[in-house]
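Working notes, structure below.
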Amino acid sequence: MDFKKQKPIYLQIADYLSEQVLQGQLTPDDRMPSVRDVAASMGVNPNTVVRTFDYLQQEEIIYQRRGVGYFVAADARERILTHQRREFLEEELPYIRQRMKTLGISIEELKTLDQEA
């Protein structure tokens with residue numbers, strides 16, 4: 001995986017695993033890959049993956065069964081979508097609005113382009 005400097009690695013791994021849930025590659029109650037397997041496949045320290053799993057567990061996207069491993073939560077997809085929508089509206093949309101204003105692009109122009117696509 002190619003990591004970006006702007007965002008902590010553990011959050012980038014969380015985004016990757018969340019994307020797998022959104023795409024249906026990981027479904028509710030599926031067992032998550034082990035910390036070591038994720039670490040090996042991503043080329044990171046297992047402690048980074050532990051931090052990722054802790055984060056996903058705090059967000060209630062995964063849950064832990066002691067002695068068995070981590071599993072995808074029943075409502076993980078909805079939680080991820082809610083989080084990503086909020087993140088888009090609070091972080092990305094203001095930048096997009098400013099760029100549109102700077103470049104003189106109107107909402108109507110975007111609607112036209114969307115309808116043509």
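Structure summary
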| quantity | calculated |
| --- | --- |
| Count of segment 1-54 residues which are hydrophobic (A, V, I, L, M, F, W, C) and surrounded by fewer than 12 Cβ atoms within 10 Å (Cβ to Cβ) | 1 |
| Some residue of segment 6-16 being touching a Phe, Trp or Tyr at 6+ places or on another chain (Cβ under 6 Å), closer than 22 Å to Glu87 by Cα and hydroxyl-bearing (Ser, Thr, Tyr) | no |
| Residue match in segment 82-102 (condition: exposed (fewer than 14 other Cβ atoms within 10 Å of the Cβ) and in a loop (DSSP other than H, G, I, E, B)) | no |
| Close pairs (6 angstrom Cβ cut-off, 6 or more residues apart or separate chains): closer than 14 Å to Arg31 by Cβ in segment 56-78, surrounded by 10 or more Cβ atoms within 10 Å (Cβ to Cβ) and hydroxyl-bearing (Ser, Thr, Tyr) anywhere | Ile62/Tyr70; Gln64/Tyr70; Phe71/Tyr63; Ala73/Tyr63 |
| Those residues of segment 1-25 which are among the polar types (S, T, N, Q) and either under 18 Å from Arg36 (Cβ atoms) or not in a loop (DSSP other than H, G, I, E, B) (or both), in sequence order | Gln12, Ser18, Gln20 |
| Cβ-Cβ under 6 Å pairs, at least 6 apart or on other chains, segment 20-39 side more than 17 Å from Met1 (Cβ to Cβ), far side open to solvent by 50 Å² or more (accessible area, probe 1.4 Å) | Pro28/Ala74 |
| From Glu78, Glu60, residue being in a loop (DSSP other than H, G, I, E, B), open to solvent by 60 Å² or more (accessible area, probe 1.4 Å) and either within 17 Å of Leu11 (Cβ to Cβ) or not basic (Lys, Arg) (or both) | Glu60 |
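The values are calculated or read from the model by the stated rules, or taken from the named source; none is laboratory data. Bear in mind that the values here come from a model prediction, so they are computed numbers and not experimental data. Cβ sites come from the backbone with ideal geometry, for glycine too, and all protein chains shown count toward neighbours. Keep in mind that these areas ignore ligands, DNA and RNA; they rest on the heavy atoms of the full protein, side chains included. Shrake-Rupley method; radii C 1.70, N 1.55, O 1.52, S 1.80 Å.
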